[in-house]
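Notes to accompany the following structure.
Read the figures in this text as sums done on the coordinates, not as results from a lab. Owing to the predicted nature of the structure, the values given are computational and were not obtained by experimental measurement. Positions of Cβ are generated from backbone atoms using ideal geometry, with glycine treated the same way; all protein chains shown enter the neighbour counts.
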């Protein structure tokens, strides 16, 4: 069959295995993106989670020497959590970002890409394929943009006409010359809502994100949360959806037809104090399937403590004291002391000063003092 018929059959099959949109581009280097990437690193916007060198990230043939094309896929995910439990006094709850709802999207996309690879090889066994999902060296968003799946918004997301920004992206480098799709010529125009509404000013305005200011990045770090951002975290346990929630292009969009994206309201919006008392085994059993726990339990627990301080949850004081006095991890211990000061204010002075003479870690002691100083 010719290239166009081959492409048509791949597209038809893709839609039968849960791929909502599919696009094709060449395996030529991403020269424009390379310039942006150089600027990105020059400005210090990187998170540290990036994989590969600039050359590897912009040259598909560095990943597959005989690459001819790249197949980009998009799978929409839900953005509304029906029957979500209410967060109320005495039972405050946190929230996982929408990209972490349901099965870990790495697993979900890999399953679809593996099926697509098998189908392509069935049609032509000589074709080499190399799939990537998020952790690969190529930029999923830049590949999707050049493949015609959407345009790059000011919030850095790919805005797809059917899925908005709420889609998982993955790609497959192949040694077959599929006809390339045209890029989608669209833009945010004068709209600047996401930039204006970003809680920490992380959006630069040209589609780039200063990762070190981005709440999504901050919630995934393992150390002490920088003080200037704690008041911005709210009840977020992992990620941030603000720049997607305010985007007008997402109005009326909510992808709910995928049977393997199962929403669990009690898990996605968990009670905060229960997270502070959970064992490693129970945590992994309950939350291990979520993409949002890839960094482990510690960041989630730290964020839960910050959320309790955000809510001024007095009912959590006894549990926070238990955590502060018994947890061996300085980040968790110190953040708990800080939260006690934030919640109780002057009433925490005697307790903090008494415990100050007992604690030995300098970072923990610093947190203790900052908690009561900020609250007074």
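Observations, loosely collected:
- Each peptide among 101-110, 149-158 gets the average number of other Cβ atoms lying within 10 Å of its residues, and from highest to lowest they stand as 149-158, 101-110.
- Once the Cα atoms are used to define both axes, helix 105-123 deviates from the longest principal axis of the chain by about 10 degrees.
- Normalised by the number of residues in the chain, the mean separation of alpha-carbon contacts (under 8 Å, six or more apart) gives a relative contact order of 20 percent.
- Sequence-distant contacts, meaning Cα pairs under 8 Å at least 6 residues apart, place the relative contact order of the stretch 193-375 at 18 percent.
- Helix 3-16 axis, angle to the chain major axis (alpha carbon atoms, nearest 10°): 40
- Modelled this way, with points 7 Å down the Cα-to-C-beta line, the labels at residue 124 and residue 206 are 3.8 nm from one another.
- Between residue 266 and residue 1, the contour length at 0.36 nm per residue exceeds the Cα-Cα span by 90.3 nm.
- Descending principal axes extents, the stretch 193-375, alpha-carbon based, whole Å: 55, 37, 25
- DSSP-defined antiparallel bridges as percent of all bridges, the chain, nearest 5: 90
- Protection proxy ranking, peptides 236-242, 62-68, average beta carbon neighbours within 10 Å, highest first: 236-242, 62-68
- Taking a ≥ b ≥ c as the square roots of the Cα gyration tensor eigenvalues, the stretch 1-153 comes out oblate, since a/c reaches at least 1.5 and a/b does not exceed b/c.
- For the pair residue 321 and residue 362, the difference between a 0.36 nm per residue extended length and the Cα-Cα distance amounts to 12.9 nm.
- Sorted on the mean count of surrounding Cβ atoms within 10 Å across their residues, most packed first, peptides 322-329, 334-341 read 334-341, 322-329.
- Computed E for residue 314/residue 50 - FRET, C-beta separation, R0 45 angstrom, nearest 0.05: 0.60
- Cα gyration tensor of the chain - equivalent ellipsoid semi-axes, whole Å, descending: 43, 21, 19
- For the chain, the longest principal axis of the C-alpha atoms and the axis of helix 330-344 are separated by about 60°.
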